[in-house]
Amino acid sequence: MTPARGDHDARRLEVSEGVWRVLSTRGFEGLTLRAVAAELGASTGLLTHYFPNKRALLGHALEELDRRSLSRPRRTAPADGTPPPPAGLARLRAALLDVLPLDEAAVAGNRIWVGSWDVALADAELTAAHAGRYGRSREALTGHVADAQRLGELPAGTDAAELAAGAQAFVLGLVVQALFSPGEFPPERQVALLDAHLAGLAGRVAQSPAPSGSSGSSGPSGPSGPSGPCRPSGPDGD
């Protein structure tokens, strides 16, 4: 542990790293003050300076999980500085792919997320905090949906927030199935199912009556749309 007179932020970061290592290897059921103290080679008494009780430790763990999830490389914000997918359906697709367990790192992260649900549901304040996290995710997806609607890629007559909520529910359900039955839901099938879901949404545009004087519109095509190649991109599939 960093000496007690050292920088407080540095010590807190070190404690957070210890919390994360325990969380990654033992899950929420094994996350205790004693386990974190053993991981850091410190006393439980020292940890009570940061976490006076188990609930405070769990709350911090959920915040750390959220922080790490937001800071990881994403298709919507490539770490190598390359431009993200264009606004609209392509960026919505990328954001949804970022949720799915498409590689080992993404599987590990999603296992921790699913394990956090039981902990969060057992406490009203933690439940509200988790609901807020999912709510912020829906807000981001709603922005992508709205862009796709403006571009004519998704039906404009449907509330963007409703379409975003449906897309989020779809991928979260797919996450659970892929974690429990990875053999039945390998990465290629997850991507194909997501593409089919988006193609169904986009297909409503093609089925809707064409404006007067128009020859009609077709759904999106090409590698960035649902009809494009069904393969995960980048090293991180979460």
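Classify the stretch 80-203: rounded, prolate or oblate, from the alpha-carbon gyration tensor (a ≥ b ≥ c, eigenvalue square roots; a/c under 1.5 rounded; otherwise prolate if a/b is larger than b/c)? Since a/c reaches 1.5 but b/c is at least a/b, the shape of the stretch 80-203 is classed as oblate. Across the stretch 20-69, C-alpha contacts under 8 Å between residues 6 or more apart give a mean separation that, scaled by the residue count, equals a relative contact order of 37 percent.
In this Cβ point-charge picture (+1 for Lys and Arg, -1 for Asp and Glu), the stretch 1-136 has a dipole of about 180 debye about its Cα centre. The packing ranking, built from the mean of other Cβ atoms within 10 Å per residue, places the peptides 82-94, 170-182 in the order 82-94, 170-182, highest first. Under the criterion of Cα pairs below 8 Å and six or more residues apart, the relative contact order for the stretch 64-107 equals 29 percent. Give the shape of the stretch 82-135 as rounded, prolate or oblate, defined through the alpha-carbon gyration tensor: a ≥ b ≥ c are the square roots of its eigenvalues, a/c under 1.5 means rounded, and otherwise the shape is prolate if a/b is larger than b/c and oblate if not. It is oblate, given that a/c is not under 1.5 and a/b is not larger than b/c. With a Förster radius of 22 Å applied to the C-beta separation of Asp123 and Thr48, the computed FRET efficiency comes to 0.70.
Couplings 3J(HN,Hα) of the stretch 110-116, computed from phi: 5, 4, 5, 4, 4, x, 6 Hz, in residue order, whole Hz [Karplus 6.51 cos²θ - 1.76 cosθ + 1.60, θ = phi - 60°; x for Gly and Pro].
Values quoted throughout were computed directly from the atomic coordinates according to the rules given, and no laboratory measurement underlies them. Here the structure is a predicted model, which means the values were calculated and not measured. No Cβ is skipped: glycine too gets one built from the backbone with ideal geometry, and neighbour counts run over all protein chains shown.
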